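The values are calculated or read from the model by the stated rules, or taken from the named source; none is laboratory data. Values in this document were obtained by computation on a predicted structure and should not be read as measured data. Positions of Cβ are backbone-derived with ideal geometry, glycine not excepted, and every protein chain shown enters the neighbour counts.
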Amino acid sequence: MAKPNKKGPTKTVDIFCGHCKAQLYKYRKGGKGALVKCFVERISQDFTSTPCICPQCERPFARETMIRGAPAYKIIGGKVTLK
């Protein structure tokens, strides 16, 4: 399978915790669908101290995985919001 585009899209979205509304990432997202996964190489700013754990409420919002040979975070449904 093909790897995701390294440069990726230029449009960034802010990703927030669904429970406490703390900012988690600034992410270069492509397309207009729901946020299902975050490729690590497309995260432009990371506000978390531990991967996939909210820094404020300490709840997990994603799982670390490999997708198409690239490291990614698989988002748990309903745990994040984006603007």
### Summary
Being under 10 Å from the mean Cα position of the chain (by Cα) and either at pLDDT below 95 or assigned to a loop (DSSP other than H, G, I, E, B) (or both) narrows LEU24, LEU35 down to just LEU35
### Message
So the check is Cβ under 7 Å with 6+ separation or different chains; which pairs have a first residue in segment 69-83 that's within 20 Å of THR12 (Cα to Cα) and among the polar types (S, T, N, Q) and a second one that's at pLDDT 90 or above and surrounded by 14 or more Cβ atoms within 10 Å (Cβ to Cβ)?
### Response
THR81/PHE16; THR81/GLY18
### Task
Name the single residue, out of those in segment 58-83 being part of a loop (DSSP other than H, G, I, E, B) and surrounded by 13 or more Cβ atoms within 10 Å (Cβ to Cβ), that is farthest from the chain's Cα centre (by Cα).
ARG59
### Task
Might you check whether a residue that is part of a loop (DSSP other than H, G, I, E, B), on the phi > 0 side of the Ramachandran plot and loosely packed, with under 13 Cβ neighbours inside 10 Å occurs anywhere in segment 41-56?
no
